[in-house]
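The values are calculated or read from the model by the stated rules, or taken from the named source; none is laboratory data. None of these values were measured; they are calculated from a predicted model. Cβ atoms come from the backbone with ideal geometry, glycine included; neighbour counts cover every protein chain shown. Quick note on the areas: whole protein, heavy atoms, side chains included, nothing else; ligands and nucleic acids left out. Shrake-Rupley method; radii C 1.70, N 1.55, O 1.52, S 1.80 Å.
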Amino acid sequence: MAEPGNGSRRPVAGAVGGWWFWAWVAFCGLLAVLLLGLSVSRLTADEAVALGAPFALIAGLVLIAELRPVVTAGAYDPQGVTISTAFVFAILFYWGPWPALLVHGLGVVLGEIAKRKPVWKIVFNTGQYVGSLAVSALILWLAGLRPTPTHPSGDIDAHTLLVMAVSWAAYFLMNLAMVATAISLRTGTRWWDDFVDDIDYYAITTFAVLALSPVVVVVTKASWGLIPLLLLPLFLVYKTASISLEKEHAAMHDALTGLANRKRLIEMMALAGEEAGRTGGAVALCLLDLDRFKEINDTLGHHTGDRLLEIAANRLARAVRPEDTVARLGGDEFAVLLTDVKGPADALEAAERIRGLLSEPFHLDGMALQVETSIGVALHPEHTDSVPRLLQLADVAMYQAKEERTGVELYRQERDIHTPDRLDLLGSVRRAIENDELEMHFQPAVSVPAGRPVGVEALVRWNHPERGLIFPDVFLDLVEQSGLMRQLTHLVLAKSLARAAQWWHAGIEVPVAVNVSVRDLSDAKFADVVAGLLREHDLPAQALKLEITEHVLMADPGRMTHALESIGRLGVDLSLDDFGTGYSSLVHLKRLPVSELKVDRSFVQRMTSDPDDAAIVRSIVDLGHSLGLRVVAEGVETIESWHALEALGCDLAQGYLISRPVPGDEVIRWLAAHVATGDAAGNAMQPVHPAPEAVAARP
Ligand code: C2E
Ligand code: CA
Ligand code: CA
């Protein structure tokens, strides 16, 4: 039988049931004391003598068997029927209720103590088993089967077998009911759900064991010395049951953490979906992924990685209610299924709580490791009618949370590339590249505090025939997924260098900065392509700068360093984009051939309102300078941030305050105007162009 807090439900560590639960435990304890007291007082000395050697043998086997429950103790311990129950029932049929109750009670107490169960559990389990046996005894008594030690039962015929079978069923149901009561009082789950949970499995194992009890009786009567021979079939029942149970458990659970696996999660999702359909509630699925896990696994070893996953699993299991399901889907990916949520706000709150728990340091190998978590949340029926689809939708949201480094994201259809709208776009990116629908806009960067133009960043736009201007954050991942990134970069480089050639050949020697992705850098011929394009446009290497985002670079610094070095050899400057959002190690930073750090715009935008962000910008500026690098602030939108950057000694600034990204002709005019005046400090403060993008709505 399952015991409270065990079985297929995860234990709620530290959870303590309310008063009703404790009252129930106390009641079971009283029941045990009462029944066992009664047994002792009802057994006369004559009867005890009459029991004799066969009884001593069977009672001894009960105690041995109690110390070997069907399932070995481990992460999963449903405390199944022990093979001792067959002997207990044999005693019941042959010598009557009092010796049976005594032996059963003693067996349970010793067995539980051996397993080091807490006192309340020993008390409860004793009452549970002894109480259930008392019900069986009552049924035998009512049916007229009333053996005593001095008058053991006679032959077993069809009638007695039938009565026995009824008494087994009574024992089984009573046992289950008492456990279900304890679980539902302790954890607040529904009594019926607990009652039927795994009932088929328990029924089979219980009856398989109990059906052997008449055989024990027959052997006892015929020739009790043969009783030990019965151990073999009983042991086989035991073994079969435990193997099948372990198999079933393994098929549904993750071996490392003991959490549910994907298969079980899907089952639980289906159940939760049905339930929500009945009650009109909602089901939320949170998918989460530990952001730096791979790094930890690689640097500290799999053993530490595994330990971290175990601790994380433990925290997750504790973070949710017992009716929720926590699953590990593989690697560092976990899922939490929240049943019966009120709506998105409810689910987001739970997700934030989970994230908070996982952000606490993990103490491993004497270190305190910090792990960030990205969580995607999707709800049924809010986001989809189909419950299995929640997995996909939560995955999309998780990806978003990772990309935007926001930690937790709710699924939003408009950002899902799998929606028909995005599928349509996906189909047309190739066409966009072939039909020359991509165009470049350019955003200048100026020196601080002089405001002299010192660079121009090329930003790609898709001029879609029907939809108008589409921004890169909408279509770049489509390009990536279609395997077209190299083609896009090639195109972007060609267009940007063609423009830059116009201003360079007009004597304005300001480099153009092009954003490149990892995919480009892993192309062995990338440096050659760049060199070829520079030659084609008759430009020196100083006319080009390449921007690589920090987190992309740091994902695999070893491999990247090689690619970057060959670019560095060309004389092309490298800039580390979105700096502050990744995890650059100083060692790598020093080795990389970069000449510039671009402070991520999220810090710059908040630096005048949030002291933490101001501190981050300050330390990036200081770090950059101590490594001999230029520091650029992007996303400079207000004059206040400009002044703050000036005070920090930041070298360059880029942002709407200076200019929005504008088409090629316009940027040339802008450059001409500001290079010519040589001033621009004053002018830089006023956006010179109303800029087309000020009006183009962002998707
Ligand atoms: P990024 O490299 O960080 O580019 C800066 C982004 O910030 C641009 O968005 C720019 O329009 C925007 N921005 C500039 N100043 C301000 C400001 O003052 N306030 C605010 N709120 N935003 C400002 P955009 O053009 O939408 O580009 C988004 C991202 O797409 C870029 O981020 C870059 O990572 C990527 N990207 C753009 N063009 C290309 C390209 O040609 N190739 C590749 N591989 N990636 C590109
Ligand atoms: Ca950039
Ligand atoms: Ca950036």
Requested in this report: Could you pull out the residue among G127, G111 that is in a helix (DSSP H, G or I) and closer than 21 Å to F235 by Cα?
Outcome: G111
Report task. Evaluate region 602-619: report whether one residue or more is out of contact with any helix residue (DSSP H, G or I) (no Cβ under 9 Å at 6 or more places or on another chain), in contact (Cβ under 8 Å) with a residue 24 or more places away in the chain and not aromatic (F, W, Y). Result -> no
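This table checks each residue for (1) more than 40 Å from the chain's Cα centre (by Cα); (2) farther than 14 Å from I668 by Cα; (3) within 16 Å of ligand 3 (Cβ to nearest atom).
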{"residue": "E437", "(1), (2), (3)": "yes, yes, no"}
{"residue": "P444", "(1), (2), (3)": "yes, no, yes"}
{"residue": "F475", "(1), (2), (3)": "no, yes, no"}
{"residue": "A494", "(1), (2), (3)": "yes, yes, no"}
Requested in this report: Kindly provide the set of residues from region 541-582 that are modelled with pLDDT under 90, touching a helix residue (DSSP H, G or I) at 6+ places or on another chain (Cβ under 6 Å), open to solvent by 30 Å² or more (accessible area, probe 1.4 Å) and more than 16 Å from ligand 2 (Cβ to nearest atom), ordered by number.
Outcome: S566
Query - Subset of region 607-631 that is charged (D, E, K, R) and within 16 Å of ligand 3 (Cβ to nearest atom) - its residue that is most open to solvent (accessible area, probe 1.4 Å) - result: R630
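Considering only region 534-631, give the helices (runs of 4 or more DSSP H) lying wholly within it that have at least 2 residues that are away from ligand 1 (no atom under 16 Å from the Cβ), closer than 25 Å to V448 by Cα and among the aliphatic types (A, V, I, L, M). Break it down into steps so the answer makes sense when it comes.
On the way: elements: 550-555, 557-570, 586-591, 601-606, 611-626.
Output list reads 611-626.
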Requested in this report: Residue by residue through region 500-509, note down the ones that are open to solvent by 10 Å² or more (accessible area, probe 1.4 Å), among the aliphatic types (A, V, I, L, M) and either in contact with a helix residue (DSSP H, G or I) (Cβ under 7 Å, 6 or more places away or on another chain) or closer than 15 Å to L476 by Cβ (or both).
Outcome: I508
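Evaluate region 632-650: report whether one residue or more is surrounded by 17 or more Cβ atoms within 10 Å (Cβ to Cβ), at pLDDT 90 or above, touching a Ser or Thr at 6+ places or on another chain (Cβ under 9 Å) and on the phi > 0 side of the Ramachandran plot. Spell out how you get there, then give the answer.
The first filter runs over region 632-650 and keeps only residues surrounded by 17 or more Cβ atoms within 10 Å (Cβ to Cβ), leaving 632-636, 641-642, 644-645, 648, 650.
Those left that are additionally at pLDDT 90 or above: 632-636, 641-642, 644-645, 648, 650.
Narrowing the set further to residues that are touching a Ser or Thr at 6+ places or on another chain (Cβ under 9 Å) leaves 632-633, 635, 641, 644.
In the following step, the residues that additionally are on the phi > 0 side of the Ramachandran plot were identified as 635.
Among the residues of region 632-650, at least one is surrounded by 17 or more Cβ atoms within 10 Å (Cβ to Cβ), at pLDDT 90 or above, touching a Ser or Thr at 6+ places or on another chain (Cβ under 9 Å) and on the phi > 0 side of the Ramachandran plot, which makes the answer yes.
At least 2 residues that are within 14 Å of ligand 1 (Cβ to nearest atom), crowded, with 23+ Cβ neighbours inside 10 Å and not basic (K, R) in each: list the strands (runs of 3 or more DSSP E) lying fully within region 431-499 that qualify.
On the way: elements: 438-447, 453-464, 468-470.
In region 431-499, 438-447, 453-464 are the strands (runs of 3 or more DSSP E) which contain 2 or more residues that are within 14 Å of ligand 1 (Cβ to nearest atom), crowded, with 23+ Cβ neighbours inside 10 Å and not basic (K, R).
With buried (at least 18 other Cβ atoms within 10 Å of the Cβ), in contact (Cβ under 8 Å) with a residue 40 or more places away in the chain, under 11 Å from the mean Cα position of the chain (by Cα) and part of a helix (DSSP H, G or I) as the only criterion, which of A347, A313, A335, A327 stands out?
Numbers: A347 fails: under 11 Å from the mean Cα position of the chain (by Cα); A335 fails: part of a helix (DSSP H, G or I); A327 fails: part of a helix (DSSP H, G or I).
It is A313.
For region 101-134, name all the residues that are of a type outside the set (A, V, I, L, M) and in contact with a Gly (Cβ under 8 Å, 6 or more places away or on another chain).
First pass over region 101-134, keeping only residues of a type outside the set (A, V, I, L, M): 104-105, 107, 111-112, 115-118, 120-121, 124-129, 131-132.
Passing the criteria: F124, T126, G127, Y129.
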**Report entry** Matching strands (runs of 3 or more DSSP E) fully within region 355-413 where at least 3 residues are surrounded by 14 or more Cβ atoms within 10 Å (Cβ to Cβ) and in contact with a helix residue (DSSP H, G or I) (Cβ under 7 Å, 6 or more places away or on another chain)
**Finding:** 373-380, 408-410
Report task. Give region 508-533 a look and list any residue that's assigned to a loop (DSSP other than H, G, I, E, B) and free of Cβ contacts under 8 Å to residues at least 60 places away in the same chain, or say none. Result -> E509, V516, S517, S522, D523, A524, K525
Report summary line: Cβ pairs under 6 Å, 6+ apart or interchain, first in region 632-646 and over 14 Å from S447 (Cα atoms), second within 16 Å of ligand 2 (Cβ to nearest atom) and open to solvent by 10 Å² or more (accessible area, probe 1.4 Å), ordered by first then second residue, are G635/R601; G635/Q605; E637/Y656
